[in-house]
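For reference, the structure is listed below as structure tokens.
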């Protein structure tokens, strides 16, 4: 599916989110607060929007992007090259359930609009904990159904009547954006997802809504040492 939509993925995101995806990414990156020298793993890197925004916002930071889709990474490489960021961002093809990274090698992990597409989320979160250094942070952003009744109703109408038709037409598929709606509806509740983060070994797990609850940012820390809470 992602191989099919890769060439037009960025344009589709801009149009179908009415530009909100850019605002969500700005908010997400601003909250990272990365010191110079940090090594960040951007998982489900896609077309590298988050990786690029991270390097432009935090000079001196390097990013390792991992994605399963060669098509998405071809687009990412062109964008990275156009901005002269080849020395700051490296891309690796890989499965998020078995990351091609060593133990305790990253200072932070970002994962935007990707974990929703993987059923075995426990495995992904466990891998995140493995590759993070003690005290490192993981921050995940996902599209979710809003909790407020009015916003939820409007959002639901958009996803039922506009998103699948327009998205599938632009991507020249008959399933990609129909799948998107289904994956959002099936995503775990906050309590369930934060529980998965804690089971994977993280602490201080929390969730915060953005854009009237249309997306959420989940964050947590890997303990500095076994049995010693983050301080």
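Estimated from the Cβ-Cβ distance and a Förster radius of 30 angstrom, the FRET efficiency linking residue 90 and residue 182 is about 0.35. Annotation: extensible slack from residue 79 through residue 4 equals 25.2 nm (criterion: 0.36 nm per residue apart, minus Cα-Cα distance).
Kirkwood hydrodynamic radius of region 91-141, from the reciprocal of the average inverse Cα-Cα distance over all distinct pairs: 11.2 Å.
Between the beta carbons of residue 152 and residue 97, assuming R0 = 30 Å, the FRET efficiency works out to 0.45 to the nearest 0.05.
If you take the square roots of the eigenvalues of the alpha-carbon gyration tensor of region 34-152 and sort them as a ≥ b ≥ c, do you get rounded (a/c under 1.5), prolate (a/b over b/c) or oblate?
Rounded, since a/c falls under 1.5.
Between residue 123 and residue 30, what length comes free when the chain is fully extended (0.36 nm per residue of separation minus the Cα-Cα distance, one decimal in nm)? Between residue 123 and residue 30, full extension yields 30.7 nm more.
Throughout, read-outs are computed from the coordinates displayed, never taken from laboratory work. These numbers were taken from a predicted model, which means no experiment stands behind them. Neighbour counts run over all protein chains shown; Cβ positions are idealised from the backbone, glycine included.
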